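Asks: Sharing a structure, written as structure tokens. Questions coming.
The values are calculated or read from the model by the stated rules, or taken from the named source; none is laboratory data. This structure is a prediction, so every number in the text was calculated from the model and none was measured. For neighbour counting, all protein chains shown are included, and Cβ atoms are generated from backbone atoms with ideal geometry for every residue, glycine included. Only protein heavy atoms, including side chains, enter the accessible area calculation; ligands, DNA and RNA are left aside. Shrake-Rupley method; radii C 1.70, N 1.55, O 1.52, S 1.80 Å.
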Amino acid sequence: MQSFKPSGVCANRIDFKVQDGIIEQVNFVGGCPGNLIGLTELIKGAKVEDIVEKFKGISCGGKKTSCPDQFAKALSEVV
């Protein structure tokens with residue numbers, strides 16, 4: 001399991017596990033629980049490249065980033 005400290009979002013930490021380019025586990029600590037639990041369920045089993053492509057650049061409200069964008073950054077560091 002790897003941990004990533006996001007910046008500019010409500011989540012305090014993103015823990016995740018990637019095996020052979022596939023996202024096996026994700027846990028957002030902090031943030032909006034309902035949305036992040038749903039997001040987590042949707043991305044389990046997905047290819048890292050697909051999620052980075054879909055999530056990169058997503059903003060949240062008036063912020064220039066979001067939890068999905070920060071997760072894309074975390075995944076980009078792994079690849």
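Asks: Looking only at segment 1-22, which residues are without any contact (Cβ under 8 Å) to a residue 24 or more places away in the chain and either surrounded by 13 or more Cβ atoms within 10 Å (Cβ to Cβ) or of a type outside the set (S, T, N, Q) (or both)? If you could, list the steps in order and put the result at the bottom.
Replies: Of segment 1-22, the ones without any contact (Cβ under 8 Å) to a residue 24 or more places away in the chain are 3, 5, 12-13, 15, 17, 19-20.
Result: 5, 13, 15, 17, 20.
Asks: Between residues in segment 23-35 that are closer than 21 Å to residue 77 by Cα and residues that are modelled with pLDDT of 95 or more and in a strand (DSSP E or B), which pairs lie under 6 Å by C-beta distance while being six or more apart or on different chains?
Replies: Correct list of pairs: 24/17; 25/17; 26/16; 27/15; 28/11; 28/14; 29/12; 29/13.
Asks: So in segment 44-57, with the set limited to residues that are open to solvent by 50 Å² or more (accessible area, probe 1.4 Å) and in contact (Cβ under 8 Å) with a residue 24 or more places away in the chain, which one is farthest from residue 26 (Cα to Cα)?
Replies: Narrowing segment 44-57 to residues open to solvent by 50 Å² or more (accessible area, probe 1.4 Å): 44-45, 47, 49-50, 53-54, 56-57.
Within this subset, residues satisfying the condition of being in contact (Cβ under 8 Å) with a residue 24 or more places away in the chain are 47, 49.
Numbers: 47: 13, 49: 15 Å.
Only one residue fits best here, namely 49.
Asks: Filter segment 58-79 for residues that are open to solvent by 30 Å² or more (accessible area, probe 1.4 Å) and out of contact with any Ser or Thr (no Cβ under 9 Å at 6 or more places or on another chain); which is farthest from residue 17 (Cα to Cα)?
Replies: The first filter runs over segment 58-79 and keeps only residues open to solvent by 30 Å² or more (accessible area, probe 1.4 Å), leaving 58-64, 73, 76-79.
Keeping just the survivors that are out of contact with any Ser or Thr (no Cβ under 9 Å at 6 or more places or on another chain) gives 61-64, 76-79.
On the way: 61: 28, 62: 30, 63: 27, 64: 26, 76: 13, 77: 13, 78: 10, 79: 12 Å.
The extreme case among them is 62.
Asks: Checking residue 77 against (1) modelled with pLDDT under 95; (2) part of a loop (DSSP other than H, G, I, E, B), which single condition isn't satisfied?
Replies: (2)
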